[in-house]
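Nothing in this text is a laboratory measurement; each read-out follows from the coordinates by a stated rule. The structure displayed is predicted, hence computed values, not measured ones. As a convention, Cβ positions derive from the backbone with ideal geometry for all residues, glycine included, and neighbour counts pool all protein chains shown.
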Ligand code: 3HC
C-alpha cells in the first residue's frame, strides 16, 4: 500500500540509506531532484564557455592542454548529471529546451566575463574551490544516482582546483604585471564566488525540505562560511588580498567574519541581467541548433538498426 511505500521511503532517508530509481518516492522529492540536478548539469555545460574562451589563447602548450582537459571534464560532468535526471524520468531534450528558454537556471557564476588569462587560474582556485565545498556533501545525498555521480565529479574538481592554484602560484612568482593580473582577477571573482552558494538561509525556499530529505546536508550559509574559512589562508599563501575590508578572524566563532554580500547583484544576475547572460544562452542555443543534424542522423541510424534487428 502507499502507506508502506511512504514508510519505506521515510525509513530509508532516516537510516541515511540511498533511494534508488526503482524505489517509490513522493512526487515533490522527484521534482526537486530533477530541478537541482538539471540546473547543476546546465551549470557544467554553460561553465565551459568562460574557460573555452582561453583555449586558443593559452600562453603555452602545457596550459592549453590542461585547460582543454578541464573543459572536457565539465562537458562530461554535464552529461553525467543529465543521465542522473533521466533516472528520475526527465528528458534531456526537454531540459535543454528549458535552459535555452530561460525556464531553468544555471549557476550565476558563469555570467561573468573572463578578461585575462589570470581568470582561468582564479576560476580554478575560487569557482572550482566553491564547487568542491558545495559538492562534497552531495556525495552523501539520499538519491543514489546523484550521490554516485558526485563522487566521480568531486575527484575531477580537485584536479581543476589544483591546476588553477598552481597557475596562480606561477604567475605570482612572475612579473609585477602578472601579480597585478592575479589580484585584479581575484577582485572580480571573489564576491560572485560567495554568491554561488545561493541566497542566505532565510531567503532559501528549498533548503528546509532539501535538508529534511537529506538532499542537502548543510545549508547555503554553512557551506559559504566553510568556503571562506578554507580560502583565506590560501589567499595569504598566494600573496593576494581578498576584496573585503570586513574580513577578519573571529576567535569566538572559530571562523572568519566577512562583509555583506550584494544580494541585489545576485538577484539581477538570476533575472538574466548579469554581464554575460544573453551571450551564454545565445551561444548554447546556437550550438544546439547547429547540432540538430547530428541528433537527427543518430536517431535515423538508431531507427534503421531497430528495423533491421
Ligand atoms: N545561481 C543560479 N541560481 C541559483 C543560485 C546560483 N548561484 N543559487 C540559488 N539559485 C536558485 C535556486 O536554483 C532556486 O531557484 P529554483 O527554485 O528555481 O531552482 C533559488 O535560487 C533559491 O535558492 P535555494 O537556496 O532555495 O535553492 P537550492 O536549495 O536549490 O540551493 C544550490 C541552490 C546551493 C545551488 C543547490 O541547488 C545546489 O547545491 N546545487 C548543486 C550544485 C550546483 O548546482 N553547483 C553549480 C556550481 S557550478 C559547477 O558545479 C561547475 C563546476 O565545474 C564549477
Here is a list: 179, 148, 152, 188. Which entry is closer than 23 Å to residue 121 by Cα, under 17 Å from the mean Cα position of the chain (by Cα) and in a helix (DSSP H, G or I)? 152
Picking from 71, 122, the residue that is in contact with a helix residue (DSSP H, G or I) (Cβ under 9 Å, 6 or more places away or on another chain), in contact (Cβ under 8 Å) with a residue 12 or more places away in the chain and surrounded by 23 or more Cβ atoms within 10 Å (Cβ to Cβ) would be 122
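Among the residues of segment 144-151, is any under 27 Å from residue 258 (Cα atoms), surrounded by 20 or more Cβ atoms within 10 Å (Cβ to Cβ) and touching a residue at least 60 places away in the same chain (Cβ under 8 Å)? Working first, answer last.
Keep residues of segment 144-151 that are under 27 Å from residue 258 (Cα atoms), which gives none.
No, every residue in segment 144-151 fails to be under 27 Å from residue 258 (Cα atoms), surrounded by 20 or more Cβ atoms within 10 Å (Cβ to Cβ) and touching a residue at least 60 places away in the same chain (Cβ under 8 Å).
Would a scan of segment 114-126 turn up a residue that is under 30 Å from residue 10 (Cα atoms) and more than 9 Å from the ligand (Cβ to nearest atom)?
In the first step, residues of segment 114-126 are kept if they are under 30 Å from residue 10 (Cα atoms); the result is none.
Scanning segment 114-126, I find no residue that is under 30 Å from residue 10 (Cα atoms) and more than 9 Å from the ligand (Cβ to nearest atom), so the answer is no.
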For residue 247, work out the one condition from (1) in contact (Cβ under 8 Å) with a residue 24 or more places away in the chain; (2) away from the ligand (no atom under 15 Å from the Cβ); (3) surrounded by 15 or more Cβ atoms within 10 Å (Cβ to Cβ) it doesn't fulfil. (1)
Hey, does segment 5-27 have a residue that's closer than 29 Å to residue 269 by Cα and not in a loop (DSSP other than H, G, I, E, B)? no
Looking at (1) more than 22 Å from residue 259 (Cβ to Cβ); (2) touching a residue at least 24 places away in the same chain (Cβ under 8 Å); (3) within 16 Å of the ligand (Cβ to nearest atom), find the lone condition where residue 172 falls short. (3)
